[in-house]
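The values are calculated or read from the model by the stated rules, or taken from the named source; none is laboratory data. These numbers were taken from a predicted model, which means no experiment stands behind them. In this analysis, Cβ positions are derived from the backbone assuming ideal geometry, glycine residues included, and neighbour counts consider all displayed protein chains.
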């Protein structure tokens, strides 16, 4: 029952992979406008990270860190191009060929260089 003796309606959002997010009663409906897109994006990014990790294991590389929508991969120079291809392919597969996000490789840092 709600505060005034009425049954409160449960607000929830279900993502594409079936994850259910319960939304508190005090959240304004307008704040829910982008919630489905944000949660689907987060779920899909997590799935992409799993695919990337599995692909990188085969070539002796690994995810070093993630920050928001960035993925930092550590790989030897000899396999850097293959590691980049695995990241792009995994993102494209997980996000249905870039429907939500396109993989962009903006920078390459040499070990020990200042950023």
Next on the checklist: As an exercise: evaluate residue 108 against (1) at pLDDT 95 or above; (2) out of contact with any helix residue (DSSP H, G or I) (no Cβ under 7 Å at 6 or more places or on another chain) and give the number of the one condition it does not meet.
Outcome noted: (1)
Checklist outcome for this item: In segment 79-96, anything more than 21 Å from residue 42 (Cα to Cα) and in contact with a helix residue (DSSP H, G or I) (Cβ under 7 Å, 6 or more places away or on another chain) is listed as 83
Checklist outcome for this item: Those residues of segment 60-78 that are surrounded by fewer than 16 Cβ atoms within 10 Å (Cβ to Cβ), touching a helix residue (DSSP H, G or I) at 6+ places or on another chain (Cβ under 8 Å) and farther than 26 Å from residue 21 by Cβ come to a total of 2
Item to check | Only one of 36, 19 that is surrounded by 14 or more Cβ atoms within 10 Å (Cβ to Cβ), more than 13 Å from the chain's Cα centre (by Cα) and farther than 19 Å from residue 92 by Cα | outcome: 36
Checklist entry - Within segment 79-88, is even one residue surrounded by 15 or more Cβ atoms within 10 Å (Cβ to Cβ) and outside any helix (DSSP H, G or I)? => result no
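Any residue at all in segment 49-72 that's assigned to a loop (DSSP other than H, G, I, E, B), at pLDDT 80 or above, in contact with a strand residue (DSSP E or B) (Cβ under 7 Å, 6 or more places away or on another chain) and farther than 19 Å from residue 94 by Cα? I'd like the intermediate steps shown before the answer.
Keep residues of segment 49-72 that are assigned to a loop (DSSP other than H, G, I, E, B), which gives 58-61, 68-69.
Still in the running and at pLDDT 80 or above: 58-61, 68-69.
In the following step, the residues that additionally are in contact with a strand residue (DSSP E or B) (Cβ under 7 Å, 6 or more places away or on another chain) were identified as 61.
Of the ones still in play, those that are also farther than 19 Å from residue 94 by Cα are 61.
Looking for residues that are assigned to a loop (DSSP other than H, G, I, E, B), at pLDDT 80 or above, in contact with a strand residue (DSSP E or B) (Cβ under 7 Å, 6 or more places away or on another chain) and farther than 19 Å from residue 94 by Cα, one finds at least one in segment 49-72, hence yes.
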